[in-house]
Every structure is written in structure tokens, then in C-alpha cells.
Amino acid sequence: MQLKRADVVTGALTLLDTDGLDGLTMRKLGALLGVQAGGIYWHFKNKEALLGAMADRIVGEITATPLDPGPWDAQLAEVAHRLRRALLARRDGARVVAGTYVVEPNHVRGGEQTARILTDAGFPLDRAGWVLFSVLYYVLGHTIEEQAQRAAGDWEQRGAALPDTELSRAMDGVIKADPDERFAYGLELFLDGVRVRLAAAQATIGRRQA
């Protein structure tokens, strides 16, 4: 049976789950798929292109189902939660997505959906782009660290190296916190700031129209 592009991506994601991003090589992938490396390069010119396709598959959950109608901030929060869930569903998923810049279908649909939420709320298009990237990198950063925390003793070792100060005690609270609660708290802090910026943007528009 002829190897298809989708088969290569599926195999690469399987290898990602078993060996992690650092263990994902074209040689191992070829062995898993039962093909020579040339069979993979027929579909992807290099590993970077393959990682881009993997990242696009990972973020597909964001637009898999329509968002519920509601306030813009609730919809933006749901997009963030969907992205985090998608990243956590794959080993090193956040690192894969953070390390790529792609314009494949799922990325484009997710970006357009989020930009529309923000422009419909009243953000100018350029600032909507800034907010979009800010929330994206909050989710990526939090989830990269969250997945690192899952590695045996990673965060505990970091915390143990700190002297006994207020910082170390504060970090102990971070390490021991429920990741879902910690993520939701940080996201709400972010949304508080976005609400303030939106109110300022609307006030500016109102003054110009007066």
C-alpha cells in the first residue's frame, strides 16, 4: 500500500508519544513505517516541514467543534483551554507547536476564529493580532513547563536548588498546585488585562466619534 502524507504524520505522532521530541528522528520514523527515508522525504522536504504538519494535527481540536455562543472573553478562554488540552494530549506537544511557524489549515482556522472573537468584541484588527499572540504564548509557555513538570523530579529538583527564602516557598506553592487551577488563574489574570485594554480602545473610539 502506498504511503500517504497523513500516514507519515500519524506515525510521527505515535513516535512522539513513545520517544518524545528529542527521540523523534527520520530514521526511527522510517523504521516504524517500514520505508526508507526517501519515502518520507517524498511527502516532507525536511524534518521542519514534518513538525509543522504534526503541529497542525495537534491543534486541530481548537476548531473541531463550534464554540458556544456567549461573551467574547468566555469564548477566548475556551479557545485557550482547548489549545492546552490539545497540547497535553501529546507528549511534548507544546514544544512541537512552539517550535513551528506554519500556515496549514488548522492553524489558519484557529487564528481566524480567535481574531474574529476579538474584532467582534471591538478590538482594532492590529491589536487583535497582538492579543492573539499573547494568549497563544501564555498557553504554550504554561504547557511547556507543565509537561516538563511531568518528567520525573524535574520541577522538584529545580525547587530544591533554591535557598530557603520567600521565593522558594512561593515556588513550592507553584510546584504543588493543581495544574488546571494554576492555568485557569493565570488565564483569568490575562483576561483581566485584555478587558482593561478593550475598554480603553472603546473609549478612544468613542472620543474620536464625538
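Would you please name the residue that is surrounded by the most Cβ atoms within 10 Å (Cβ to Cβ), looking only at residues in the stretch 124-141 that are in contact with a helix residue (DSSP H, G or I) (Cβ under 6 Å, 6 or more places away or on another chain) and in contact (Cβ under 8 Å) with a residue 24 or more places away in the chain? Step by step, filter the stretch 124-141, then rank; the result is VAL139. Exactly one residue out of ARG27, ARG85 is exposed (fewer than 15 other Cβ atoms within 10 Å of the Cβ), within 26 Å of ALA184 (Cβ to Cβ) and charged (D, E, K, R): that is ARG85. Every listed requirement among (1) hydrophobic (A, V, I, L, M, F, W, C); (2) over 16 Å from VAL135 (Cβ atoms); (3) open to solvent by less than 30 Å² (accessible area, probe 1.4 Å) is met by ALA77 save one, (2). The helices (runs of 4 or more DSSP H) falling completely within the stretch 1-112 that include 2 or more residues that are of a type in the set (A, V, I, L, M) and within 19 Å of the chain's Cα centre (by Cα) map to 5-19, 47-58, 72-88, 93-98.
Within the stretch 33-49, does at least one residue satisfy the condition of being under 30 Å from ALA128 (Cβ atoms), out of contact with any strand residue (DSSP E or B) (no Cβ under 7 Å at 6 or more places or on another chain) and not basic (Lys, Arg)? Within the stretch 33-49, one or more residues are under 30 Å from ALA128 (Cβ atoms), out of contact with any strand residue (DSSP E or B) (no Cβ under 7 Å at 6 or more places or on another chain) and not basic (Lys, Arg).
The set of residues in the stretch 160-183 that are open to solvent by less than 70 Å² (accessible area, probe 1.4 Å), over 30 Å from ARG85 (Cβ atoms) and in a helix (DSSP H, G or I) contains only SER168. The set of residues in the stretch 88-98 that are open to solvent by less than 50 Å² (accessible area, probe 1.4 Å), farther than 14 Å from TYR138 by Cα and among the hydrophobic types (A, V, I, L, M, F, W, C) comprises LEU88, VAL96.
The values are calculated or read from the model by the stated rules, or taken from the named source; none is laboratory data. Worth saying up front: this structure is predicted, and the values here are computed from it rather than measured. Backbone-built Cβ (ideal geometry, glycine too); neighbour counts: all protein chains shown. Remember, those area values only see protein heavy atoms, side chains included, never the ligands or the DNA or RNA. Shrake-Rupley method; radii C 1.70, N 1.55, O 1.52, S 1.80 Å.
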